[in-house]
Structures are given as C-alpha cells and as structure tokens.
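Asks: Sharing a structure, written as structure tokens. Questions coming.
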Amino acid sequence: MFRIRSLAAVSAFAVTVALSGSALAAQVLNFAHSTAQGSHYSMGVQAFAKKLAELSDGKYEIREQAAGALGGERDVIEGLQIGSVELTVSSTGPLGNFVPEALVLDLPFLFKDYANARAVLDGPIGQELLDKVSENNLVGLAWSENGFRHVTNSKHPVKTPADLEGLKIRTMENPVHMEAFRAAGASPTPMAFPEVFAALQQHVIDGQENPIPVITASKFWEVQDNLTLTGHVYSPAIIIASPTLWDGLSDEEKGWFREAAKAGVAATRAKVESDEANGVALLREHGMEVIEKVDQSAFQKAVSPAYDTFVAKYGDDMLKRIQAAQN
C-alpha cells in the first residue's frame, strides 16, 4: 500500500514538473522578411535569434518567416502595428508610407559609398530617424542593409539612361523610387517583392532593380538576361518590432532586443559584403550579361527631378544634413 502511494506521489510530482516546464517554455516570436532563406536578411535574423536566446537564457525563441511567408513588406509592417507579427527586417521601400521622414533615404545617389551610408545611419541622424519610426506605432530597433541597387531586365543591355525608355521596371512601393524611374523614361511598376519573380517570368514586367545580394538570393538570372551596375540608390533596411511586443517587455528585456538587433545588423552587412565581392561573377556564370562601367553622372542627371519633387513636398533640411555628414 505504501509503495502504491509512493508511486502515485512520484507520478504527481512528474506531472507538476512537466506543467512547470511547459509554463516556462520559450516565447516564440515570428520574425518576417521578404528574401529567401540563406539571404543577407536571413543571416541577420539568425544572428538576432542566437544573440537573443543567449541574452534571455532561452526565454525567447525566434521563428524565421522567410520569402514573404507572412506577406509583402507593407503587409508585414501593418501586421506589426496591429500585433499579428512581432518582428521584421524590411527595406525602406514601403516605410515612407508609414514614416514620411524616412523617404529621404531613398533619394538616388544620396550616399557616396558604404562607409558613409553606415556612418550616417549608425550616428545621430540614423537614431533621429529611428525615433521618428517609433512615433508611428512601430518600434525602430536598428538600421540594417541591402546595398546599392542595380537594374536588371530581359529586353536589352542598359548602358545609358536612354536605354531605360519604355521598360516596365518593378520598383518598391515608394514614391521617390517611382519618380526617379519615371523621370529617366522607364515605366515604374510598384509591386510587393514576393510577386516579382513570377511577374518577370510571365513578362508582366521587363525588369527590376535591387542590390546584388537580393539579385543572387532570388536567382533572378533565371528570368533576367541583363544587369547594369548603376548603383543608383543605397538601400538601407530596418529592423522593426511590434509595439504590442515591445510594451510588454521590461527595460532589461528591451536591452536584449537592441543588442540582438546589433548582432543582426553586423551579420547582414557581412553577408552583403560577401555577396558584393562574389555576386557579379556568380551572375555571369549563370549567363547574365553585366554592364559594369556606366556614366553615373548621366544617370544622376536623368533622375534628378526626384529631388525637386521631394524637396517641394518635404523640404531639404534632413537632405542637407545627410549630405554634409559625408566625407
């Protein structure tokens, strides 16, 4: 009788421990992005996840939602605002629809090079813009990176701005980018990124523009024949958290997320550098014709009306500050 009671007590204790363990199970957070698994965004998400698990002693677990699994970038940002998604890394493409101040970052030929872009975004100006993001029912954690954007198409090599005439080029859902390509003679076609490959494959559009890391990760060589290294826009990315998640964190926990974001940025930038160093050769290996040397001043002149439109609507204070901050 005593043995039976002892076994019952042990069983009850085991159930209690199991229930306690489940109560202490990691909180799973969805971290969404639009690019493929293994891309520069993906590397950043994985580094974020590793650092957050380390700092929180396993309290938080990141579930990567890659390749637009939870929708396009605009859809995901809206999900952050209502709390249906916890975290994302996004291009600035749709960000201006939520935070108009961020549109300045999408002006063509704004940044001289990677060093200047990173210095500006990691400094006071970048923090000021993150604060603006956080005033719009979002939580800006850190500026990450896509890289300098280039043009691909399936029609013909683009060597001068005149070669863009009439091409249907997918752009981000961003008025500054659309204005720039319209001014250069192209027909800008805004489209969520998860739809782009199929649209190129079906010839709904002729081309698109993205940094080398996105072009390689997306295997655009399967549907595009020509690449021109225009470097027309430095494309930042941003790590954003949902206010629903953020408001439930302690100050210490918020510190963990900020540190994880820094780790994510470092990993993403490292992947961008690697892809920039090796990507063009890879694209050539897969049959793309690459125009490396272009007259950037000609392209800069062609898209300059985008500056006039931007300044007329938003002023030039932040623009001048960013220009003055570069060496």
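Asks: What distance in nm separates the simple spin-label points at Lys132 and Ser84, each placed 7 Å from Cα in the Cβ direction?
Replies: 2.8
Asks: Counting only DSSP beta bridges with both residues in the chain, tell me the antiparallel percent, nearest 5. It would help to have the intermediate numbers written out before the result.
Replies: Numbers: 21 of 38 bridges.
Percent antiparallel among DSSP bridges in the chain is about 55.
Asks: Here's something else I'd like to know. Looking at the stretch 173-246 from every direction and averaging, what is the projected area of its Cα convex hull in nm²?
Replies: For the stretch 173-246, averaging the hull's shadow over all directions gives 6.4 nm².
Asks: OK, next. If you plug each phi of the stretch 77-92 into the Karplus form 6.51 cos²θ - 1.76 cosθ + 1.60 with θ = phi - 60°, what whole-Hz ³J(HN,Hα) values come out, in order, with x for Gly and Pro?
Replies: Coupling constants for the stretch 77-92: 4, 5, x, 4, 5, 9, x, 8, 10, 8, 8, 8, 10, 9, 5, 7 Hz.
Asks: Still on this model: Net charge within 14 Å of Val265 by Cβ-Cβ distance, Lys/Arg positive one each and Asp/Glu negative one each, not counting Val265 itself?
Replies: Summing Lys/Arg as +1 and Asp/Glu as -1 gives +3.
Asks: Same structure, new question: Beta carbons within 10 angstrom, averaged per residue: use that to sort the peptides 174-180, 218-224, highest first.
Replies: Values: 174-180: 23.7, 218-224: 18.9.
The most tightly packed comes first, giving 174-180, 218-224.
Asks: Let me ask another. Using Cα pairs closer than 8 Å and at least 6 residues apart in sequence, work out the relative contact order for the stretch 161-237, in percent.
Replies: Details: 81 pairs, mean separation 22.1, N = 77.
Taking the mean separation of contacting Cα pairs over the length of the stretch 161-237, I get 29 percent.
Asks: Between the stretch 27-90 and the stretch 253-312, what's the alpha-carbon centroid distance in Å?
Replies: 21
Asks: Using only the alpha-carbon atoms, how far is helix 305-314 inclined from the longest principal axis of the chain? Give it as 0 to 90 degrees, nearest 10.
Replies: Long axis of 305-314 versus the principal axis of the chain: about 50 degrees.
Asks: Follow-up question, since we're still on this one. Helix 2-23: angle to the longest alpha-carbon principal axis of the chain, degrees 0 to 90, nearest 10?
Replies: 20
Asks: Using only the Cα atoms of the chain, what are the Rg and Dmax in Å?
Replies: Here Rg and the maximum Cα pair distance are 22.7, 94 Å.
Asks: May I ask you to evaluate 6.51 cos²θ - 1.76 cosθ + 1.60, the Karplus curve with θ = phi - 60°, for each residue of the stretch 28-39 and list the ³J(HN,Hα) values in order in whole Hz, giving x for glycine and proline?
Replies: Per-residue couplings from phi come out as 8, 10, 7, 10, 9, 7, 9, 9, 6, 4, x, 6 Hz.
Asks: Here is a follow-up. What does the charge dipole of the chain about its Cα centre add up to, to the nearest 20 debye, if the Cβ of each Lys and Arg holds +1 and the Cβ of each Asp and Glu holds -1?
Replies: That gives the chain a dipole magnitude of about 580 debye.
Asks: Let me ask something else about it. Can I get the semi-axes of the stretch 202-304's equivalent ellipsoid? Compute them from the C-alpha gyration tensor as square roots of 5 times the eigenvalues, in angstrom, largest first.
Replies: Equivalent-ellipsoid dimensions as semi-axes: 35, 16, 15 Å.
Asks: Give me the percent relative contact order of the stretch 45-109, please, defined on Cα pairs under 8 angstrom at least 6 residues apart.
Replies: After rounding, I find 19 percent.
Asks: Moving on. Taking 8 Å as the Cα distance limit and 6 or more residues as the minimum spacing, I'd like the relative contact order of the chain as a percentage.
Replies: Relative contact order of the chain: 26 percent.
Asks: May I ask you to list the lysines whose Cα is less than 27 Å away from that of Lys271, ignoring any residue fewer than eight positions away on the same chain?
Replies: Partners within reach: Lys50, Lys51, Lys112, Lys219, Lys254, Lys262, Lys293.
Asks: Here is a follow-up. Report the local net charge at Gly96: Lys and Arg +1, Asp and Glu -1, summed over other residues whose C-beta lies under 13 Å from its C-beta.
Replies: Residues close to Gly96 contribute a combined charge of -2.
Asks: Straight-line reach from Lys320: which aspartates and glutamates fall under 16 Å, measuring Cα to Cα and dropping same-chain residues less than 8 apart?
Replies: Of all the aspartates and glutamates, those that pass the test against Lys320 - Cα under 16 Å, at least 8 places apart if same chain - are Glu101, Asp106, Glu128, Asp308.
Just so you know, all these numbers are worked out from the coordinates, no wet-lab data involved. Everything quoted here is computed from the prediction, not taken from an experiment. We place every Cβ from the backbone using ideal geometry, glycine too, and count neighbours over all the protein chains shown.
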